[in-house]
Amino acid sequence: MRRFIYLISPPKIDSGFYQSLKEVLTSKKVKFFQLRVKHCSNSRLIEIAKRIRVITKKYKVKLIINDLPLVAKRVKADGCHLGQTDVSVNHARKLLKKNKIIGTTCHGSKKLILKAIKENVNYIALGSFFKSQLKPSAKKAQKKLIIWCKKKTNVPIVAIGGINNKNYKNLIRCGVNYLAISSYIWNNPRMKPSAAIREFKLK
């Protein structure tokens, strides 16, 4: 089974999260897990990341730290994700080993995609394709941008923004490599995270 989910953490990590994460990762659909927690001290973030690292390693999932390459280095994560207002890709590369993963957000911008290609990122995140609970004010991206991006590069594409069990198939058909999902898994009023992940199938 191909792993095609890029799972993003809930905004807050509670004590029950770690067991839920284990249950979700048993699906073998998750390739990356991004720890994205705002308004949290670095020491607390490191503590959380170290616990998560044990779980992601067991289930052969790549741990990505959002925004902070120094934290990624400290916890021996597999890489970091950079937004447009974070440190540069070059700076992150200097902090992390050569084999570490660095991905970047390009929103819906061709200019940012071309810049990311030039910087040799390991994946390009595009979106938001749908209205997102995690980032309600995020800029919209058009699906035709995926096709344009694939003509320019073989770098994997991660689609992000409001992805759920009703709208994901069209993104797969457009050629994205991974689906970034958060709210549908962790904040689903109808089902537990372990059931929500089962809603996503490649066929």
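General remarks:
- Under the condition of being open to solvent by 80 Å² or more (accessible area, probe 1.4 Å) and out of contact with any Cys (no Cβ under 9 Å at 6 or more places or on another chain), the residues counted in region 71-92 number 5.
- Restricting attention to region 156-203, the residues being hydroxyl-bearing (S, T, Y) and either farther than 28 Å from G16 by Cβ or in a strand (DSSP E or B) (or both) number 1.
- Positions within region 1-41 being exposed (fewer than 15 other Cβ atoms within 10 Å of the Cβ) and of a type in the set (S, T, N, Q), in sequence order: S15, Q19, T26, S41
- Residue selected from region 102-117 under the condition open to solvent by less than 90 Å² (accessible area, probe 1.4 Å) and over 16 Å from N66 (Cβ atoms), by the criterion farthest from the chain's Cα centre (by Cα): L114
- Only listed residue being out of contact with any Asp or Glu (no Cβ under 7 Å at 6 or more places or on another chain), touching a residue at least 40 places away in the same chain (Cβ under 8 Å) and over 27 Å from R190 (Cα atoms), chosen from N122, N99, N154: N122
- Considering the conditions (1) at positive phi; (2) exposed (fewer than 14 other Cβ atoms within 10 Å of the Cβ); (3) of a type outside the set (S, T, Y), D67 is excluded by exactly one of them, (2).
- So L45, is it under 24 Å from L126 (Cβ atoms) and either free of Cβ contacts under 8 Å to residues at least 60 places away in the same chain or of a type in the set (V, I, T) (or both): no
- Filter result (farther than 14 Å from V89 by Cα and open to solvent by 50 Å² or more (accessible area, probe 1.4 Å)) within region 118-133: K131, Q133
- Residue list for region 165-189, restricted to those being farther than 20 Å from P11 by Cα and either β-branched (V, I, T) or open to solvent by less than 40 Å² (accessible area, probe 1.4 Å) (or both): N165, N167, Y168, L171, I172, C174, G175, V176, Y178
- Some residue of region 63-75 being touching a residue at least 12 places away in the same chain (Cβ under 8 Å), among the β-branched types (V, I, T) and touching an Asp or Glu at 6+ places or on another chain (Cβ under 7 Å): yes
- Checking K131 against (1) in a helix (DSSP H, G or I); (2) touching a residue at least 24 places away in the same chain (Cβ under 8 Å); (3) of a type in the set (D, E, K, R), the condition it does not meet: (1)
- Residue, surrounded by the fewest Cβ atoms within 10 Å (Cβ to Cβ), within region 134-160, restricted to residues that are closer than 27 Å to P11 by Cβ and modelled with pLDDT of 95 or more: P156
The rows are residues; the columns are (1) of a type in the set (V, I, T); (2) more than 12 Å from the chain's Cα centre (by Cα); (3) farther than 24 Å from N177 by Cα.
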site	(1), (2), (3)
R2	no, yes, no
P10	no, no, no
F17	no, yes, yes
K22	no, yes, no
F33	no, no, no
N42	no, yes, yes
T56	yes, yes, no
H81	no, no, no
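- Selection within region 48-59 - in a helix (DSSP H, G or I) and surrounded by 13 or more Cβ atoms within 10 Å (Cβ to Cβ): I48, A49, K50, R51, I52, R53, I55, T56, K57
The values are calculated or read from the model by the stated rules, or taken from the named source; none is laboratory data. Every value quoted in this text rests on a predicted model; they were computed, and no experiment measured them. In this analysis, Cβ positions are derived from the backbone assuming ideal geometry, glycine residues included, and neighbour counts consider all displayed protein chains. Heads up: the accessible areas ignore ligands, DNA and RNA and are worked out on the full protein's heavy atoms, side chains in. Shrake-Rupley method; radii C 1.70, N 1.55, O 1.52, S 1.80 Å.
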